[in-house]
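So the structure is just underneath, and the comments pick up after that.
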Amino acid sequence: MQRISIAPRNNWQQTVEALGFGFHTADVPYWDESAYYAFTLPEIEKLEGVTSDLWEMCLQAVQYVIDKNLFAQFKIPEFIVPHIIDTWNNDAPAIYGRFDLCYDGIKEPKLLEFNADTPTSVFEASIIQWFWLKDFDEPKDQFNSLHEKLIAYWKYLKDYLYADKLYFTCVKDVLEDFTTTAYLQDCAMQGGLDTAFIYINDIGWDNNNQFFVDLDKQPIRNIFKLYPYEWMVNESFGKNLPIDTLKANWIEPSWKMVLSNKAILPILWQLFPYHKNLLPAYFTRSNLKDYVKKPLLSREGANITIVENENIIAGSDGSYGEEGFIYQEFCKLPEFNGNFPVIGSWVVGQEPAGIGIRESNGLITDNLSRFIPHLIL
């Protein structure tokens with residue numbers, strides 16, 4: 001695993017915008033092609049195998065949480081628990097997720113967390129870095145079958161959805177969310193599904209018939225949402241999920257609430273103690289000397305505290321933490337000339353599907369982190 005500095009393409013901004021990538025630069029550059037990460041094939045095969053193993057372990061962990069009724073540890077409201085169990089037992093359709101891994105190409109990859117409900121950066125990982133590679137070094141390859149797998153899995157899921165339209169939804173005025181949602185909708189269309197887009201604020205509720213409706217008062221039976229369950233269940237909107245008479249398919253399904261919550265990290269450690277790809281994690285500090293304190297539900301690196309040798313060496317602000325924290329053994333990210341990468345390893349359907357790399361100037365990966373492309377040597 002190497003980080004190699006290069007010259008960006010001429011007029012790269014226009015090139016990526018032509019692909020529909022409008023949020024490549026905010027206050028600071030987000031897409032950064034002044035460097036790339038190079039992997040050997042054995043390193044990629046290692047990441048692929050670890051991703052597959054972690055997915056299987058996570059599925060076992062969901063069953064364990066349900067069997068032992070551990071939802072209180074996740075601060076999941078009681079009213080949604082039957083819905084979670086129902087979607088799990090009925091194998092409700094799910095499409096994707098992203099494991100965040102610490103990996104330096106030498107030691108075993110370690111799971112930092114799992115973005116299982118509303119993972120973003122899939123468009124950049126699937127499309128933008130692939131076209132970068134074609135321009136940069138056409139014969140080279142990437143660990144990247146995201147586009148093909150997304151189309152194929154949407155096509156596969158068609159038989160498991162209601163014979164009706166598949167809606168796609170996200171919040172208004174967040175370009176990254178809209179781009180991600182529109183990309184996944186396009187993949188579904190290429191998979192042969194009949195789709196429609198609706199902003200989440202425009203989704204209605206038919207009080208008489210007790211089901212969700214679109215702006216034309218038509219029932220919604222299948223819907224992909226880029227909107228977190230932990231927000232939904234704290235709104236009147238989400239209270240309707242368990243009483244929906246049509247039992248709409250929400251993708252991701254509500255059982256993903258278990259995996260997208262950092263409480264899953266201590267559960268995984270309980271189930272698979274000393275597993276080579278897990279970090280010790282607990283609901284209390286336990287005997288950890290060097291650790292990361294993480295809120296159960298934080299996003300974009302918010303409200304993180306890193307402690308080493310009893311001293312706080314890094315921290316971040318934010319609005320999370322009321323829900324409680326977990327404590328995970330500190331795994332220092334590899335450093336490449338002041339750059340600290342986290343590898344996002346994707347699962348589509350049930351299979352590893354590729355990686356995207358976010359790097360920061362510090363130990364906490366946050367909303368200022370850059371997306372860096374990769375290739376296989």
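If a residue must be under 24 Å from Ile95 (Cα atoms) and acidic (Asp, Glu), how many such residues does segment 202-243 contain?
3
Taking segment 344-377, which residues are buried (at least 20 other Cβ atoms within 10 Å of the Cβ), part of a strand (DSSP E or B) and β-branched (Val, Ile, Thr)?
Correct list: Val347, Val348, Ile355, Ile357, Ile372.
Of all residues in segment 173-202, which are within 22 Å of Lys239 (Cβ to Cβ), in a loop (DSSP other than H, G, I, E, B) and out of contact with any Asp or Glu (no Cβ under 7 Å at 6 or more places or on another chain)? Give the derivation first.
As a first pass, look at segment 173-202 and keep what is within 22 Å of Lys239 (Cβ to Cβ): 198-202.
Going one step further and asking which of them are in a loop (DSSP other than H, G, I, E, B), we end up with 198-199.
Hit for segment 173-202 is Tyr199, nothing else.
Can you find, within segment 21-75, the residue that is modelled with the lowest pLDDT among those that are farther than 20 Å from His275 by Cβ and β-branched (Val, Ile, Thr)?
Val28
Within segment 42-86, take every residue that is outside any helix (DSSP H, G or I) and in contact (Cβ under 8 Å) with a residue 24 or more places away in the chain and give me the one that is surrounded by the most Cβ atoms within 10 Å (Cβ to Cβ).
Residues of segment 42-86 that are outside any helix (DSSP H, G or I), as a first pass: 69-70, 75-77.
From the residues that got through so far, the ones that are in contact (Cβ under 8 Å) with a residue 24 or more places away in the chain too are 70, 75-77.
On the way: Leu70: 17, Lys75: 14, Ile76: 23, Pro77: 15.
For segment 42-86, the residue satisfying everything is Ile76.
On the basis of being assigned by TED's automatic domain parsing to the domain that holds Asn361, touching a residue at least 60 places away in the same chain (Cβ under 8 Å) and surrounded by 19 or more Cβ atoms within 10 Å (Cβ to Cβ), does Pro253 make the cut? Walk me through it before giving the result.
Numbers: assigned by TED's automatic domain parsing to the domain that holds Asn361: yes; touching a residue at least 60 places away in the same chain (Cβ under 8 Å): yes; surrounded by 19 or more Cβ atoms within 10 Å (Cβ to Cβ): yes.
Here the answer is yes, as Pro253 does meet what is asked.
Are any of the residues in segment 207-220 over 28 Å from Leu150 (Cβ atoms), basic (Lys, Arg) and under 27 Å from the mean Cα position of the chain (by Cα)?
No, segment 207-220 contains no residue that is over 28 Å from Leu150 (Cβ atoms), basic (Lys, Arg) and under 27 Å from the mean Cα position of the chain (by Cα).
Please find, among Thr179, Thr195, the residue that is touching a Leu at 6+ places or on another chain (Cβ under 7 Å) and either under 29 Å from Pro77 (Cα atoms) or buried (at least 17 other Cβ atoms within 10 Å of the Cβ) (or both). Give the steps one after another, and end with the answer.
Numbers: Thr179 fails: touching a Leu at 6+ places or on another chain (Cβ under 7 Å).
Sole residue among the options that is touching a Leu at 6+ places or on another chain (Cβ under 7 Å) and either under 29 Å from Pro77 (Cα atoms) or buried (at least 17 other Cβ atoms within 10 Å of the Cβ) (or both): Thr195.
With the structure loaded, tell me whether Glu329 is of a type outside the set (Ser, Thr, Tyr), modelled with pLDDT of 95 or more, more than 16 Å from Val122 (Cα to Cα) and surrounded by fewer than 21 Cβ atoms within 10 Å (Cβ to Cβ) or whether it fails that test.
On the way: of a type outside the set (Ser, Thr, Tyr): yes; modelled with pLDDT of 95 or more: yes; more than 16 Å from Val122 (Cα to Cα): yes; surrounded by fewer than 21 Cβ atoms within 10 Å (Cβ to Cβ): yes.
Yes, satisfied.
Could you tell me which of the residues Cys187, Cys170 is surrounded by 14 or more Cβ atoms within 10 Å (Cβ to Cβ) and either of a type in the set (Ser, Thr, Tyr) or more than 14 Å from Ile95 (Cβ to Cβ) (or both)?
Working: Cys187 fails: either of a type in the set (Ser, Thr, Tyr) or more than 14 Å from Ile95 (Cβ to Cβ) (or both).
Of Cys187, Cys170, the one residue that is surrounded by 14 or more Cβ atoms within 10 Å (Cβ to Cβ) and either of a type in the set (Ser, Thr, Tyr) or more than 14 Å from Ile95 (Cβ to Cβ) (or both) is Cys170.
Would you call Leu112 at pLDDT 95 or above and assigned to a strand (DSSP E or B)?
It is true that Leu112 is at pLDDT 95 or above and assigned to a strand (DSSP E or B).
Give the residue that is nearest to Tyr153 (Cα to Cα), with candidates limited to residues of segment 240-266 that are assigned to a helix (DSSP H, G or I) and over 24 Å from the mean Cα position of the chain (by Cα).
Keep residues of segment 240-266 that are assigned to a helix (DSSP H, G or I), which gives 240-243, 256-259, 264-266.
The next check asks that each one be over 24 Å from the mean Cα position of the chain (by Cα); those that pass are 240, 242-243.
On the way: Asn240: 28, Pro242: 27, Ile243: 29 Å.
The residue in question is Pro242.
Within segment 149-178, which residues are farther than 27 Å from Pro352 by Cα and among the acidic types (Asp, Glu)?
Selection gives Asp164, Asp173.
So the check is Cβ under 9 Å with 6+ separation or different chains; which pairs have a first residue in segment 269-294 that's over 16 Å from Cys331 (Cα atoms) and a second one that's modelled with pLDDT under 95 and in a loop (DSSP other than H, G, I, E, B)?
Filtered contacts from segment 269-294: Phe283/Gly324.
The values are calculated or read from the model by the stated rules, or taken from the named source; none is laboratory data. Just so we're clear, the structure is a prediction, and the values are computed from it rather than from any experiment. Glycine also receives a Cβ, built like all others from the backbone with ideal geometry; neighbour counts cover every protein chain displayed.
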